[in-house]
Amino acid sequence: MKRFYSAVGASDMAALRSICEVVDDPSYNVDWMRKWKGRSSVVVRPRTTEEVSAVLKYCNQRQLPIVPQGGNTGLVGGSVPVKDEIILSTRRMDSINGLRDGVVKVEAGVILENLDSYLKDQGFAAPLDLGAKGSCTIGGNAATNAGGLRFLRYGSLRGSIVGLEVATADGTVLDAGYSTGLRKDNTGYPIHELFIGSEGTLGVITKIALAVPASSAVVNAALFSCESFNQVRGVLATARRTCAEILSACEFFDSEARRCVLEYEPGTTDPLGDDAAFRVLVETSGSHATHDREKLEGLLTDLDVLDGVIAPDATKAAQLWRLREGISDAMTSRGYVHKYDLSLPLEHMYDLVTQTRDRVPPNTTVAGYGHLGDSNLHLNVVAAGDDENANYELAAVLEPWIFDRVLELNGSISAEHGLGQSKNSLLSRAKSPAMLALMRKLKHTMDPRHILNPYKVLPPSI
Ligand code: FAD
Ligand code: MLT
Ligand code: ZN
């Protein structure tokens, strides 16, 4: 369905300027991967919920479309305009409003790393961690239901968010469990959950009440080298059994991903010298140094792997993590990345990487890595050279083949990054007509003038 929006005129600019700071800054138009570029010249930068509400109320009346933006680290083009939509940046909304009974209250624009440091000082930790922690915002994390490196331990972010404050399309401010910040509250529909993972299409999240775990006094990391994906799966199964309650992360990357990081970041080192097909990074977090160390050493003994090393201190552990967390940057530095973020049954997970290698032209980079403990594969493909035609040809080799394979295996075509403008056309393949119809109804009810993040999440025909 075609929608016609108003264009921003001089009187609109005056009205928006009377509400909050407005800037014209082209950097807000380009996403982190430099794949998607909008052409908006209006960025509103509210400082309070009241300002967000007033902007939305005005834009709704005028039918001016809006793209909410946090840290702009999303990987599916959700945070930048498709055309010239107004960008609403939450970056100035960055207050931490206190911690009580293990629930922290924050404004949406707080950077995840800043929240984690604040919590650490008080003996707590954020229940999520991402490679983008230095730039992404907690509002963006909630809007994408971000997964990341601590998912194995603390589960989905959805489970940790106990309440939200949200400004809806017409400017109404909903207190969806934010003020009370209760861990348990079964009075009525869990409305706040609607906004988690809705990628800015149903409302602008302004505040978050987040349940946080106690920080771990003892954190250890180990790296293992494996010659087959069966061995990789064996590490996960054994780590679950041997490390049990202290297991906090289990990530893997293949030799191609490892080669890319080592080439991109000259300071990065791999303490395991071999060139084996896979590495697995296991992290434990607990409270008793001797007990935790014994468990990790037990894992090293129990495992059937080529080699393994336990980081002797926090600096060495951080170096192990850099090997894994540096992969996204390393891949992006190689050119246009065809990025697939897939949930797949573990037994078939790596077959897709191998089959992809068999299909693509020689010298194409095909790297597999991801959150092993969550059955979440990141498959990244980069063409040799920077010829645009080669990229179109590569896309035709990869798609829809990859999506067909994933759906045949009952997997997900977007495990944790969302749909944005990059995967939204696939939603009708992933969900039934009845599900799509309900989503359409919901969007229309909550945002009848479709001003919130248009051309994203729902397929273009909707
Ligand atoms: P943005 O990119 O600004 O926005 C993302 C989406 O949320 C957009 O649709 C936007 O409109 C919407 N949005 C933002 N703020 C609000 C708000 N306040 N209210 C309503 N809607 C809003 N993702 C993972 O899941 N797991 C990972 O391990 C992971 N690792 C990453 C590593 C790197 C190096 C990078 C660059 C990205 C990674 N990501 C990962 C993707 C990304 O960081 C997450 O999606 C993150 O949650 C986005 O937060 P943000 O503040 O940057 O949001
Ligand atoms: C990761 O796990 O590193 C992120 O999701 C980013 C990526 O897919 O590159
Ligand atoms: Zn990831």
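The values are calculated or read from the model by the stated rules, or taken from the named source; none is laboratory data. A quick note: this is a predicted structure, and the numbers were derived from the prediction, not measured. Reconstructed Cβ throughout: ideal geometry from the backbone, glycine too, with neighbour counts over all protein chains shown. We work out accessible area using only protein heavy atoms, side chains counted, and drop any ligands, DNA or RNA first. Shrake-Rupley method; radii C 1.70, N 1.55, O 1.52, S 1.80 Å.
How much length is gained if the chain between D170 and S287 is pulled fully straight, taking 0.36 nm per residue apart and subtracting their Cα-Cα distance, in nm to one decimal?
37.3 nm
Ignoring ligands, DNA and RNA, how do H338, H444 rank by accessible area with a 1.4 Å probe, largest first?
Reading off the accessible areas and sorting them downward yields H444, H338.
Once phi is turned into θ = phi - 60°, what whole-Hz ³J(HN,Hα) does the Karplus curve with 6.51, -1.76 and 1.60 give for every residue of segment 449-456, x standing for Gly and Pro?
9, 6, 8, 8, 6, x, 6, 10
What ranking do 220-232, 238-250, 385-397 get when scored by the average of other Cβ atoms within 10 Å per residue, highest first?
220-232, 238-250, 385-397
For segment 108-166, state which trypsin sites (Lys or Arg not before Pro) are in a DSSP loop and have at most 16 other beta carbons lying within 10 Å of their beta carbon.
none
Compute log10 of I(q)/I(0) for segment 369-415 with the Debye formula, placing one identical point scatterer on every Cα and leaving out solvent, at q = 0.24, 0.28 Å⁻¹, to two decimals.
-0.93, -1.04
Please give the solvent-accessible surface of H288 in Å², to the nearest 10, using a probe radius of 1.4 Å with every protein chain present.
100 Å²
At a Förster radius of 30 Å, what calculated FRET efficiency corresponds to the Cβ-Cβ distance of A244 and D386, to the nearest 0.05?
Approximately 0.05, to the nearest 0.05.
Assuming a ≥ b ≥ c are the square roots of the Cα gyration tensor eigenvalues, decide whether segment 1-144 counts as rounded (a/c under 1.5), prolate (otherwise, with a/b larger than b/c) or oblate.
Prolate, since a/c reaches 1.5 and a/b exceeds b/c.
Need the C-alpha centroid separation for segment 158-231 versus segment 71-130, integer Å.
11 Å
Any idea of F252's accessible area? Nearest 10 Å², probe 1.4 Å.
0 Å²
Do the sum for the chain: with -39,500 (n - 2.57) for every DSSP H run of n ≥ 4, divided by all residues, what is the mean residue ellipticity at 222 nm, to the nearest 500 deg cm²/dmol?
Helix contribution divided over all residues of the chain: -9500 deg cm²/dmol.
In 10 Å bins starting at 0, how do the alpha-carbon pair distances of segment 104-172 split up by percent?
Going from the shortest bin to the longest, the percentages are 20, 54, 21, 5.
Which value, in Å², gives the accessible area per residue of segment 344-384 when a 1.4 Å probe is used on the protein heavy atoms?
34 Å²
As an exercise, use a Förster radius of 41 Å and the Cβ-Cβ distance of E294 and R259 to find the FRET efficiency, rounded to the nearest 0.05.
With R0 = 41 Å, the Cβ-Cβ based efficiency is 0.75.
Mind listing the phi-derived Karplus ³J(HN,Hα) values for segment 362-368, rounded to whole Hz, using 6.51, -1.76 and 1.60 with θ = phi - 60°, and x for any glycine or proline?
With the stated coefficients, segment 362-368 comes to x, 6, 6, 8, 10, 10, x Hz.
Out of the total accessible area of segment 355-462 (probe 1.4 Å, heavy atoms of protein only), what percent is carbon and sulfur?
Roughly 52 percent of what the probe reaches on segment 355-462 is carbon or sulfur.
Quick check on segment 1-73: take the gyration tensor over C-alpha atoms, sort the square-rooted eigenvalues as a ≥ b ≥ c, and tell me if it's rounded (a/c under 1.5), prolate or oblate.
Oblate shape, in that a/c is at least 1.5 and b/c is the bigger or equal ratio.
Once the principal axes of the Cα atoms of segment 185-332 are found, what is the range along each, listed largest first in whole angstroms?
55, 39, 30
Output the Kirkwood hydrodynamic radius of segment 274-358, Cα pairs only, in Å rounded to one decimal.
After inverting the mean inverse Cα-Cα distance, the result is 16.0 Å.
Where only protein heavy atoms count, and the probe is 1.4 Å, what is the accessible area per residue for segment 100-242 in Å²?
Computed with neighbouring chains in place, this is 39 Å² per residue.
At 10 °C and 1.306 mPa s, grab the translational diffusion coefficient of the chain from Stokes-Einstein with a Kirkwood Rh over Cα pairs, rounded to a whole number in µm² per second.
Stokes-Einstein gives a translational diffusion coefficient of 69 µm²/s.
Would you mind getting me the FRET efficiency between E50 and A214? Use the beta-carbon distance for r and R0 = 30 Å, nearest 0.05.
0.30
Compute the separation of the alpha-carbon centres of segment 1-47 and segment 240-258 and state it in Å as a whole number.
Here the two parts' Cα centres lie 42 Å apart.
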